[in-house]
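Input: a single structure, listed below in structure tokens.
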Amino acid sequence: MSELLFYAMAVIALLGGLGVIFSKSPMGSVLSLLGSFFALAVIYLLAGFHFMAAVQILVYAGAIMVLFLFVIMLLNLGGMGTRFELSAAPLTRARSQIAAAVAAGVGLAGLIAVQRASLPRIAQGGAPERIDDINQIAIALFGRYSLPFQAVSVLLLTTMVAVLVLAKRRTRESGQ
Amino acid sequence: MNASVLKTLFSDAAYAALAPLFALGIGALAVLVAGLFPLGKVARAVLVLLTLLAAAALNVGMLLGDSVPGLVLDGTFVADRTTAMWGVIFTIGVGLAWLFSRHYYDEDASHQNEHDVLMLASALGMSLMAGARDLIVFFIGLELLSIPLYALAAFRRNRAKSVEAGLKYFLLGAFAAGFFLYGSALIYAVSGTLKLDVFADPASRAKILESPMALVGVAMLTGSLFFKISVFPFHLWVPDVYEGSPTPVTGLMATGTKAAAFAFLLNALLALPSSTSTSLAIIALITMALGNLGALVQQDVKRMLAYSGIAHAGVVLLGIAGAVAGDPKQGGAVQAALFYMAAYVATAGGAFGVLALLERDGERMTTLEGLKGLGQRRPYLAAALTVFMLSLAGIPATGGFLGKWMVFSVAVRAEMIPAAVVGVLLSVVALGYYLRVIIAMWMQEPGEDSPLASTRAIALPATLASAACVALVLVMGLAPRWFLDHM
């Protein structure tokens, strides 16, 4: 049963991913991505990562996707439809097909290589500690991973500053 | 995990190790907040300078001190003399870019405050990268360095080239970041840890690298690092991005990013088996060839320096290949790379700075045509640029020469004689385009229609910065003892 569910969700996640690329309208892309995220969350649940599943829904589906939707609706990109055409000189149809073929070939070769070789189990460190427990996550986050955790806050702040610099209308410029 | 574990985690050593990072972080925040208040330009500049000086002083303290914190925070971050030296190099690189940017944006001076915050944040990212012994810490450092640079590259939003540079750098950088994360995930899946020290023990390294998954992971990691240091085949973005970005930012990209990525790459060498040394050397030589040959045909000096930067990355990579092959001198490659990058930061930082000074009130001042006759009009600037060109070419008595000599001797010690010979020959090719700049400046009269370089007086910060660069290049070339003793 759970195996069946896993395959169903994996197929949905993949279809969602394909939908993001092939959808003609940005709105369709966003909704496909949303479907893909939900399918992934179910896979996490199946694997026993309840916290991760909840975070996946809350953060990705809840926050990030809503942000995407807002941006699309505010900028009124929804109607752009078929105007997204790959007609720019470096992205001719033939070239992108070659690129896609090469990427697919490399991916396939990688898959075959991984399939053929026996995967060694975790080389050292033994079984990972039970990470799907809010208590454990907090201890890891504020203990062992406190440096990256704090650095991320600086990173987010810097990103905000960077985005503001690029996005804000400059008084001098608009005056010209 | 109980209190005592936390105590060992957050020991005094950990705080000492992170002190330069705290200085940069707090300084960046202070500059950001200072933007809220009607402080004068000078007060803000003092704040930035104090931040950089504090970080540099803390690093120098670590260099000269009796003991260093070493590995802290459960082995995810290291602070020793090498990282302290890198820290000094980073603050010099960022300081130079900042000084040269002072009067660069005169026609559009808004957001100067945010500009400075972004520069300080990128310095923080570099220090994080250099000390990282864990892939997560490194990745966050990498992003903390890259994201400000994406914005800084596109800082002159009203210039199409600047926006193009920012977008190109951002898109390719985002892909490189994706590769890095995917590679880390694969390595984690095999080894169960993100710490680099699993690779220190040859037995566990061999076991991890048995798995094709880990090999793919290491390849992805290497690819994304090669992107940052602009090594073949990930170098194609460099000329466009370097040309389009504001010149002081280009200087920061050329010096800081490269130095930080090499700092980590030297740490990550442990992960590479010695069998990869031949392919590394071949990649290094191809990079040098492409960079030098590409530079030969450029008319724009900024673009030429971009290609020359590719060639210089190839040289350091050759040293790294030598270290992977087994350099009998312990830490020889680290020392060589440190010295090389220190000289390169002073040289390329200075060269881009001088170009920024020439460029600021004329659009196309950075062509060879525009440099003609500069020796008569601006003798001091021309002299400084001459010193930088000679150092980039690796002429004796400059820091560039000694750096090259040290890197090539790593390759020779590792018995990669043919590679070293080809490398030296390629460096001779490089003389061709560096000398062209010198000839244009001193031996050619300005043409009829060649644009006249700026006649404006040069501001104090830029004068100080160029003088400091020239001094550094010459001191590193003539009296390198101090640097070598402290590396």
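The values are calculated or read from the model by the stated rules, or taken from the named source; none is laboratory data. Note that this is a predicted model, so its numbers are computed, not measured. Here the Cβ positions follow ideal geometry from the backbone for every residue, glycine too, while neighbour counts run over all protein chains shown. Protein only, heavy atoms only, side chains kept; ligands, DNA and RNA dropped before computing areas. Shrake-Rupley method; radii C 1.70, N 1.55, O 1.52, S 1.80 Å.
Things to note:
- Residue that is outside any loop (DSSP other than H, G, I, E, B) and either surrounded by fewer than 22 Cβ atoms within 10 Å (Cβ to Cβ) or basic (Lys, Arg) (or both), where the choices are B:VAL94, B:VAL60: B:VAL60
- Selection status of B:THR366, open to solvent by less than 40 Å² (accessible area, probe 1.4 Å) and modelled with pLDDT under 85: yes
- Within segment B:280-320, being surrounded by fewer than 22 Cβ atoms within 10 Å (Cβ to Cβ) and within 29 Å of B:ILE140 (Cα to Cα) holds for one residue alone: B:ILE283.
- Count - residues of segment B:97-147 that are modelled with pLDDT under 90, open to solvent by less than 10 Å² (accessible area, probe 1.4 Å), within 9 Å of chain A (Cβ to nearest Cβ) and assigned to a helix (DSSP H, G or I): 1
- Residue list for segment B:211-245, restricted to those being part of a loop (DSSP other than H, G, I, E, B) and within 14 Å of chain A (Cβ to nearest Cβ): B:SER211, B:PRO233, B:LEU236, B:TRP237, B:SER245
A quick yes/no check of all residues on (1) within 20 Å of the chain's Cα centre (by Cα); (2) closer than 19 Å to B:PHE22 by Cα:
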| residue | (1), (2) |
| --- | --- |
| B:LEU47 | no, yes |
| B:ALA55 | yes, yes |
| B:ASP66 | no, no |
| B:ARG81 | yes, yes |
| B:LEU96 | yes, no |
| B:PHE100 | yes, no |
| B:HIS103 | no, no |
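- Segment B:193-209 - residue that is over 15 Å from B:PHE264 (Cα atoms) and not small (Gly, Ala, Ser) and, of those, most open to solvent (accessible area, probe 1.4 Å): B:LYS207
- When B:LEU39 is tested against (1) assigned to a helix (DSSP H, G or I); (2) more than 10 Å from chain A (Cβ to nearest Cβ), exactly one condition is not met: (1).
- B:PRO38 vs. criteria closer than 28 Å to B:LEU135 by Cβ and open to solvent by 20 Å² or more (accessible area, probe 1.4 Å): no
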